[in-house]
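Step one of this worksheet: look at the structure below.
The values are calculated or read from the model by the stated rules, or taken from the named source; none is laboratory data. Please read these numbers as outputs of a predicted model, since none were measured by experiment. Positions of Cβ are generated from backbone atoms using ideal geometry, with glycine treated the same way; all protein chains shown enter the neighbour counts. Ligands, DNA and RNA are stripped out before the accessible areas are found, and what is left, the full protein with its side chains, is counted by its heavy atoms. Shrake-Rupley method; radii C 1.70, N 1.55, O 1.52, S 1.80 Å.
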Amino acid sequence: MTKFSRIAATASTALIAACAAGSLMAADIFVIGGKPDDPFWSRVKLGAEDAGKVAEAQGGSVTWLGPQNYDNLGPDAAELIRQAIDQGADAIVGPDWVPEAMDPAFQAVTDAGIPLVIYNAGGLEAADKLGALNYVGAVDYKSGFAAGEYLGNAGQKNGACVNTLPGAANIEAFCSGFIDGVKATGGEGETLQLPATAYGDATAVAQAVRAHLLQNPEVDAMFAIGGGDTNATVSGIQQAGKAGQVKVCGMNFNDSILANIQAGTQACAIDQQGFFAVSILNNYVNYGVTIPTREILTGPGIVDASNVDLVVEGVKAGAR
């Protein structure tokens, strides 16, 4: 996938661009996100950097703050929020991954009169609780539910959600939604809990998936929380000799995920496209137009064999 072929699966890149490009005054915007080398978050960061060029031309800036790893996600992210305040942020964009650790820091943002937008995780509930302007992104529970329901309707009866970021509220919501989605179609579900050190470790995830399937032969559906983990889950299924028997759905997509779907080794991907936030927030920032809807949902959408070729063409054209 080319650098700007997909606007970061969440509304984050669109949101950042709107905040920077639409501002009529010089503004120093701080964006809290994931590790810069994380395949998902690196695309979000590219959007922030692109928006930063516009902000710099207007005398402002966009600064990206991300943790070094995910081992202590909540406290580390809270510290990044406080750093943004201390460094004089005029506006802050952040995900509410671990509310019990991060909410006091977010509350300090709004207490200081700094405009805040929650994105990627937390939903409108978090935005309202924290006094943020809005939430932009998908509802994590609904994304997981869509995956579980999809696989359940495809005939799968026993699902497992691969959670490599235990304690992160959005990931827990993915998994609970997935399990409920499978149950809604008459099946059963569970969470395969791995340590946070497994996130992005393809070998660790594949080995865990292989072991789980060999120990639990009734499992016939799996859900992974991101592109790298989805590829590793597909590999683990193959290593367990379960290819074609265990169907997989995962959050987000990239070139390899689309190739999986085309090849039939992956049933679906849950898309969180975020194109609408640009025009909505740009009008709001530039002209004071009231956003007609609070909680701007950017997903879930399902990419499967029925539409994957169109999605691939959209990627090639730079529209996704």
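In segment 43-54, of all residues being under 11 Å from VAL31 (Cβ atoms) and in contact with a helix residue (DSSP H, G or I) (Cβ under 6 Å, 6 or more places away or on another chain), the one that is modelled with the highest pLDDT corresponds to VAL44.
Just one of ALA269, ALA319, ALA277 is at pLDDT below 80, open to solvent by less than 40 Å² (accessible area, probe 1.4 Å) and within 20 Å of the chain's Cα centre (by Cα); which is it? Selected residue: ALA277, the only one of ALA269, ALA319, ALA277 that is at pLDDT below 80, open to solvent by less than 40 Å² (accessible area, probe 1.4 Å) and within 20 Å of the chain's Cα centre (by Cα).
When the residues of segment 108-135 are narrowed to those that are outside any helix (DSSP H, G or I) and over 22 Å from TRP41 (Cβ atoms), which ends up least open to solvent (accessible area, probe 1.4 Å)? My answer is ILE114.
Conditions (1) over 24 Å from ILE302 (Cα atoms); (2) in contact with a Phe, Trp or Tyr (Cβ under 9 Å, 6 or more places away or on another chain), marked per residue:
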site: PRO95; (1), (2): no, yes
site: VAL109; (1), (2): yes, no
site: TYR119; (1), (2): no, yes
site: GLY122; (1), (2): no, yes
site: ALA126; (1), (2): yes, yes
site: GLY144; (1), (2): no, yes
site: GLY148; (1), (2): no, yes
site: CYS161; (1), (2): no, yes
site: SER176; (1), (2): no, yes
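Looking across segment 235-248, the residues that are touching a strand residue (DSSP E or B) at 6+ places or on another chain (Cβ under 8 Å) and either open to solvent by 40 Å² or more (accessible area, probe 1.4 Å) or in a strand (DSSP E or B) (or both) come down to LYS247, VAL248. If you go through segment 106-144 and keep only what is in contact with a strand residue (DSSP E or B) (Cβ under 9 Å, 6 or more places away or on another chain) and polar (S, T, N, Q), you end up with THR110, ASN120, ASN134, SER143. Residues that are closer than 16 Å to CYS249 by Cβ and open to solvent by 20 Å² or more (accessible area, probe 1.4 Å) number at least 3 in the following helices (runs of 4 or more DSSP H) confined to segment 136-234: 140-153, 169-184.
Within this structure, TRP97 fails the test of being at pLDDT below 90 and either in contact with a Lys or Arg (Cβ under 9 Å, 6 or more places away or on another chain) or of a type in the set (Phe, Trp, Tyr) (or both). May I ask you to list the residues in segment 85-101 that are in contact with a strand residue (DSSP E or B) (Cβ under 8 Å, 6 or more places away or on another chain) and under 21 Å from PRO166 (Cα atoms)? Within segment 85-101, GLY94, PRO95, ASP96 qualify. Residues in segment 67-82 that are in a helix (DSSP H, G or I) and touching a residue at least 24 places away in the same chain (Cβ under 8 Å): LEU73, GLY74, PRO75, ALA77, ALA78, GLU79, LEU80, ILE81, ARG82.
Can we say VAL31 is assigned to a strand (DSSP E or B) and at pLDDT below 90? Judged against the criteria, VAL31 is a match. The set of residues in segment 66-86 that are modelled with pLDDT under 95 and under 14 Å from ILE114 (Cβ atoms) is empty.
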